[in-house]
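The values are calculated or read from the model by the stated rules, or taken from the named source; none is laboratory data. Here the structure is a predicted model, which means the values were calculated and not measured. Glycine also receives a Cβ, built like all others from the backbone with ideal geometry; neighbour counts cover every protein chain displayed. In case anyone asks, the SASA skips ligands and DNA or RNA and just uses the protein heavy atoms, side chains included. Shrake-Rupley method; radii C 1.70, N 1.55, O 1.52, S 1.80 Å.
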Amino acid sequence: MINIYQMDFLEGAKMFKDNSVDLIFTSPPFKDEDVEGDYWNFYEKAFNEMCRIASKTVIIIHSATKMNEIIRRWPPKRTLIWGKGIIAPAYRYNPIFVYQKSDEYKVNKYIYTDTFGIAPIKNKDKIHKYQDPLHLYISVLKMFKDCNSVLDPFIGSGTTALAANELGLDCYGFEKDLESWKVCMQRLKETMEGVMLID
Ligand SMILES: C[S@@+](CC[C@H](N)C(=O)[O-])C[C@H]1O[C@@H](n2cnc3c(N)ncnc32)[C@H](O)[C@@H]1O
């Protein structure tokens, strides 16, 4: 089952009880100008909600530019690296922060590799400004065994939903921007059958 809501995650999070989804997997807005108000204030609220809803682990792909600040404020259990090869002009890697909800699900038991060398999606292949490679999402998600459901609070073009479908996981997603939500729904419709549409 895949449910993608066209709404602000901070509002939509209220629908989810504590520990109600096994895994949170996301790539949140990276840039100060992509959020309303103070970036760290926004991030803290979103992070707290993600940690509340997840029962096992929270996995966040973020930018190298904000990496040190995130590690200082919210130290992860482990940091994986998405290496992008030789590309210009951006940073050539993104950190992937892995948080452990409790000792009942020890993330170190599941992580069998820390680095992912996968080319980013570029130029004409991109249908969304921030679209990430499906192969990266499948590769990271499939390490975390015994998880049956995933929530992506900032789903963009729906890469997490496609990866969840591939791995047989239930998926919940939020996308605030209407145009991005339409891109996501179109992509899901073209790729899979039986998607449950909720907005
Ligand atoms: C980095 S992009 C995600 C890209 C995605 N992983 C993909 O592969 O397409 C972050 C997305 O979060 C959305 N967004 C920003 N603030 C939001 C909020 N408060 N609630 C829900 N979505 C939000 C943006 O519109 C953007 O599409």
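Before moving on, here are some points about what is shown:
- Inter-centroid distance (Cα atoms) of the range 105-131 relative to the range 1-78, Å: 17 Å
- Segment Lys45-Leu10, extension gain: residue separation times 0.36 nm, minus the distance between their alpha carbons: 11.8 nm
- Placing pseudo-labels 7 Å out from each Cα toward the beta carbon at Leu178 and Phe30 gives an inter-label distance of 2.8 nm.
- Accessible surface of the chain, 1.4 Å probe, proportion on carbon and sulfur as whole %: 49 percent
- Diffusion constant of the range 93-160 at 20 °C, which comes from Stokes-Einstein with the Kirkwood Cα-pair radius and 1.002 mPa s, µm²/s: 155 µm²/s
- Among beta bridges that DSSP assigns inside the range 2-197, antiparallel share in %, nearest 5: 35 percent
- Using a probe of 1.4 Å, the accessible surface attributed to Met192 totals some 20 Å² when neighbouring protein chains are kept in position.
- Cβ-Cβ FRET estimate between Asn68 and Met1, R0 fixed at 45 Å, reported to 0.05: 0.70
- Projected area averaged over orientations for the range 60-177, convex hull of C-alpha atoms, nm²: 8.0 nm²
- For Phe174, the amide hydrogen comes within under 5 Å of the amide hydrogens of Tyr5, Asp152, Phe154, Ile155, counting only partners 5 or more places away or on other chains and with H modelled in the peptide plane.
- Helical runs (DSSP H, four residues minimum) scored at -39500 (n - 2.57) apiece and divided by the length of the chain put the mean residue ellipticity at 222 nm at -8500 deg cm²/dmol.
- Solution diffusion estimate, µm²/s, Stokes-Einstein, the chain, Kirkwood Rh from C-alpha pairs, 20 °C, viscosity 1.002 mPa s: 126 µm²/s
- In loop segments of the range 49-96 as defined by DSSP, the chymotrypsin sites (Phe, Trp or Tyr not before Pro) with at most 12 further C-beta atoms inside 10 Å of their C-beta are Tyr91.
- Averaged over its residues, the chain has an accessible area of 51 Å² per residue, based on protein heavy atoms and a 1.4 Å probe.
- Residue-wise HN-Hα couplings along the range 36-42, as the Karplus relation 6.51 cos²θ - 1.76 cosθ + 1.60 with θ = phi - 60° gives them from phi, are 7, x, 6, 4, 6, 5, 4 Hz; Gly and Pro carry x.
- Packing rank of 179-185, 22-28, where each peptide gets the mean count of other beta carbons within 10 Å, highest leading: 22-28, 179-185
- Evaluated at q = 0.14, 0.16, 0.35 Å⁻¹: base-10 log I(q)/I(0), Debye formula over Cα of the range 1-40: -0.44, -0.57, -1.26
- Karplus (6.51, -1.76, 1.60) ³J(HN,Hα), θ = phi - 60°, over the range 51-64, in Hz, Gly and Pro reported as x: 5, 5, 6, 5, 9, 10, 7, 10, 10, 10, 7, 10, 9, 5
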